[in-house]
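Have a look at the structure below, then the notes.
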Ligand SMILES: Cc1cc2nc3c(=O)[nH]c(=O)nc-3n(C[C@H](O)[C@H](O)[C@H](O)COP(=O)(O)O)c2cc1C
């Protein structure tokens, strides 16, 4: 049975454009995978705490030496990682806020980057330990940035995911959403077309891999 993890990070929760695009993809994907399990994580409704020295120390402490508080902190991070590892397909709703990613998504990233668990360093450099998954990112922006030097968000998200071993990542953009109704409608329509195309492709690829 296939598992899809849907992570949404719009501050408007399910009402965000990135959430709506993600949902459109997940609906198309589940229609093609009727028995599949979908895990939903809404980072606005259920925020991951900011990483603090206390939390980071809990990650670093050896399991047998952790205090009960440290066990709870590490256990919470372990559960997020277990969810990630259980997924065959990962869907990320990615709004652009003030040129970056939502701080809620950064806090989530800070809890899934764990030395020895999701990555490790070797003599050849870092090695990601979360492998064999397909990631789809649905990016919503008010302006136009994709493919320009101002789009540091895409590079950051791609680099971070690759660091964990997630190197099969596809982005779908809906841009210019604050640039008038016509432009917004065109952008959402183009994103919908892309979603239907990749949902169909994804099903074929998964069928081949099965
Ligand atoms: C607080 C805030 C900051 C924003 N900053 C940017 C920005 O830097 N660049 C941009 O293109 N759009 C910006 N926007 C517009 C959002 O990218 C746009 O509304 C998009 O739909 C957000 O995704 P969401 O609807 O899934 O939340 C911002 C919107 C908000 C609410």
Notebook entry, point to check: With respect to residue 119, is the statement that it is within 29 Å of residue 51 (Cβ to Cβ), in contact (Cβ under 8 Å) with a residue 12 or more places away in the chain and touching a helix residue (DSSP H, G or I) at 6+ places or on another chain (Cβ under 9 Å) true?
Noted result: yes
Note to self: Looking at segment 152-180 only, could you name the residues that are at positive phi and within 16 Å of the ligand (Cβ to nearest atom)?
What the structure shows: 176, 180
Notebook entry, point to check: What's the number of the condition residue 106 fails, among (1) in contact (Cβ under 8 Å) with a residue 40 or more places away in the chain; (2) under 24 Å from residue 47 (Cα atoms); (3) within 15 Å of the ligand (Cβ to nearest atom)?
Noted result: (1)
Checklist line | Single match in 172, 130, 203, 135 (criterion: modelled with pLDDT under 95 and either over 19 Å from residue 20 (Cα atoms) or buried (at least 17 other Cβ atoms within 10 Å of the Cβ) (or both)) | finding: 203
Next item on the list: Please find, within segment 14-33, the residue that is surrounded by the most Cβ atoms within 10 Å (Cβ to Cβ) out of those that are assigned to a helix (DSSP H, G or I) and more than 15 Å from the ligand (Cβ to nearest atom).
Entry: 29
Margin query: Report every pair of residues separated by at least 6 positions or lying on different chains whose Cβ atoms are under 9 Å apart, first residue within segment 1-15 and without any contact (Cβ under 8 Å) to a residue 40 or more places away in the chain and under 19 Å from residue 98 (Cβ atoms), second near the ligand (Cβ under 8 Å from one of its atoms) and not in a helix (DSSP H, G or I).
Written below: 12/95
Check: Which one is nearest to residue 113 (Cα to Cα), of the residues in segment 34-67 that are in a loop (DSSP other than H, G, I, E, B), in contact with a helix residue (DSSP H, G or I) (Cβ under 7 Å, 6 or more places away or on another chain) and away from the ligand (no atom under 16 Å from the Cβ)?
Finding: 51
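Results for (1) within 30 Å of residue 189 (Cβ to Cβ); (2) in a strand (DSSP E or B), shown as yes or no for each residue.
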position	(1), (2)
104	yes, no
107	no, no
126	no, yes
131	no, no
135	yes, yes
138	yes, yes
142	yes, no
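The values are calculated or read from the model by the stated rules, or taken from the named source; none is laboratory data. Bear in mind the structure is a predicted one, so any value in this text is a computation, not a measurement. A quick note on method: Cβ atoms are made from the backbone with ideal geometry, for glycine too, and the neighbour counts reach across all protein chains shown.
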